[in-house]
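> This is the structure I want to talk about, given as structure tokens.
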Amino acid sequence: LAQVDGTWAAPFGNSGTGGSAGGSAIGYQKTIDGNTFGFAMKYSEGSTKETGSKTNTGSTAANAYILSKGSFAWFKASIGYSSTNHQTNVAIPEFNLANNSKVRQNNVYGDIGVYSPVSFAGFRPLAGVLFNTWSLNGSSSGSSLLASAPTSGNDSKTSPYFGGRYEFGKNVALETKVITNTEYKTIISNKLTVAQEVSKGVALTASLGFDK
């Protein structure tokens, strides 16, 4: 909701215990008669380290979205595709054991959401559903004792959510979603976005996310 019309580009990154990742994204957005259309592409790579093992990850993704602001409700829908490669090296030099595992995961994902067209003291309720269909292919070489590649397969999941968006004026917004699914039970997802037009046709947008 905070994205400004036009072409945009942005670096991004995240970090956690034992690893980090970063990359860049580009996209384009256009609003016509209250209906906003856009698409984005991104690439990221990262790595994680633990005792005796290291995993390198590379990912490409693309998605398209639409936001329609009606008088009774705001509707948002998006669909995307991503492909991620994981390569894990595990070794125990003391026992002359080593293994190299490779995993490729493809995802088709989407988000259908509804926002209140009216905010209440800056708070805008929202609800929706996420869906994800994935396929997994893995292989490994070396010692079978250290093999970490998962079994190849595919599956689909849907995750309903509800929450709200709190808008601090025109430039700052905090969006919180309570997401439920069968794997992680309940996830609380938070995203803070700051957008500022620095000159005509040029705007800076920054966002910070945290999931629990």
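> Which of these, Phe72, Phe123, Phe37, has the largest mean-square fluctuation under a Gaussian network model of the chain (Cα springs below 10 Å)?
Of Phe72, Phe123, Phe37, the Gaussian network model singles out Phe72 as fluctuating most.
> To continue, here is another question. Please identify, among Glu45, Glu175, Glu183, the residue showing maximal mean-square fluctuation in a Gaussian network model of the chain using a 10 angstrom Cα cutoff.
So, out of Glu45, Glu175, Glu183, the one fluctuating most is Glu183.
> Okay, next question. Can you give the net charge of the other residues whose Cβ lies under 11 Å from the Cβ of Lys191, counting K and R as +1 and D and E as -1? Display every interim value, and only then the final one.
Values: positive: Arg165, Lys177; negative: Glu175, Asp211.
Within the 11 Å Cβ shell, the charges total 0.
> Most mobile of Gly169, Gly122, Gly153 per a Gaussian network model of the chain (Cα springs, under 10 Å)?
Of Gly169, Gly122, Gly153, the Gaussian network model singles out Gly169 as fluctuating most.
> Which of the trypsin sites (Lys or Arg not before Pro) found in the stretch 148-189 are loop residues per DSSP with 15 or fewer other Cβ atoms within 10 Å of their Cβ? Please list the in-between numbers first.
Working: sites: Lys157, Arg165, Lys170, Lys177, Lys185; in loops: Lys170.
The qualifying sites are Lys170.
> Moving on. Between Ser71 and Ile112, take the C-beta separation as r, use R0 = 22 Å, and let me know the FRET efficiency to the nearest 0.05. Don't jump to the answer; show the numbers that get you there.
Working: r = 20 Å, r/R0 = 0.89.
The computed FRET efficiency comes out at 0.65.
> Just to check I understand the Karplus step: with θ = phi - 60° and J = 6.51 cos²θ - 1.76 cosθ + 1.60, what whole-Hz values come out for the stretch 151-168, glycine and proline as x?
Result, ordered by residue: 5, 5, x, 8, 6, 9, 9, 10, 9, x, 8, 8, x, x, 10, 9, 9, 9 Hz.
> On a C-alpha basis, how far is the centre of the stretch 125-168 from the centre of the stretch 49-75 in Å? Whole number, if you could?
One Cα centre to the other: 11 Å.
> Something else: Calculate, in nm to one decimal, what Glu94 and Lys54 gain on full extension: separation in residues at 0.36 nm each, minus their alpha carbon distance. The partial results should precede the final answer.
Working: separation 40, 0.36 × 40 = 14.40 nm, distance 1.73 nm.
Gain on stretching Glu94 to Lys54: 12.7 nm.
> Distance cut-off 19 Å, Cα to Cα: go down the list Lys42/Lys157; Lys30/Lys157; Lys157/Lys177; Lys30/Lys76; Lys42/Lys212 and report the pairs above it. Intermediate results must be reported in sequence, preceding the final value.
On the way: Lys42/Lys157 23 Å; Lys30/Lys157 31 Å; Lys157/Lys177 17 Å; Lys30/Lys76 14 Å; Lys42/Lys212 24 Å.
Correct reply: Lys42/Lys157; Lys30/Lys157; Lys42/Lys212.
> Next question. Explain nothing, just compute: Karplus ³J(HN,Hα) = 6.51 cos²θ - 1.76 cosθ + 1.60, θ = phi - 60°, for every residue of the stretch 169-183 in order, whole Hz, x for Gly and Pro.
3J(HN,Hα) across the stretch 169-183, in whole Hz: x, 8, 9, 10, 8, 10, 10, 10, 10, 9, 9, 10, 8, 6, 8.
> Also: Based on the Kirkwood radius over alpha-carbon pairs, what is the Stokes-Einstein translational diffusion coefficient of the chain at 10 °C with 1.306 mPa s viscosity, in µm²/s? Write down the numbers at each step before the final one.
Working: Rh = 19.6 Å.
Rounded, D is 81 µm²/s.
> While we're on this one: Before I look further, what does the chain give for accessible area per residue, probe 1.4 Å, in whole square angstrom? It would help to have the intermediate numbers written out before the result.
On the way: 13290 Å² over 212 residues.
Normalised by residue count, the accessible surface of the chain is 63 Å².
> So what's the net charge close to Tyr166: Lys and Arg +1, Asp and Glu -1, counting the other residues with Cβ under 9 Å from its Cβ?
Values: positive: Arg124, Arg165; negative: Glu167, Glu175.
Net of charged neighbours comes to 0.
> Related question: Got a number for carbon plus sulfur as a percent of the stretch 75-164's accessible area, 1.4 Å probe?
Values: 3130 of 5060 Å².
Solvent-exposed carbon and sulfur of the stretch 75-164 make up 62 percent of the total.
> Okay, moving on. What distance in nm lies between label points placed 7 Å from Cα along the C-beta direction at Tyr166 and Ala121?
About 1.1 nm separates the two model spin labels.
> What does the charge count around Pro117 come to, taking other residues whose C-beta lies under 15 Å from its C-beta (Lys +1, Arg +1, Asp -1, Glu -1)?
On the way: positive: Lys69, Lys76, Arg124, Arg165; negative: Glu167.
After counting each charged neighbour, the total is +3.
The values are calculated or read from the model by the stated rules, or taken from the named source; none is laboratory data. Since the structure is predicted, the reported quantities are computational estimates derived from the model, not experimental observations. Using ideal geometry, Cβ is built from the backbone for each residue, glycine included, and neighbour counts are taken over all protein chains shown. Please note that ligands, DNA and RNA were not included when accessible areas were found on the heavy atoms of the full protein model with its side chains. Shrake-Rupley method; radii C 1.70, N 1.55, O 1.52, S 1.80 Å.
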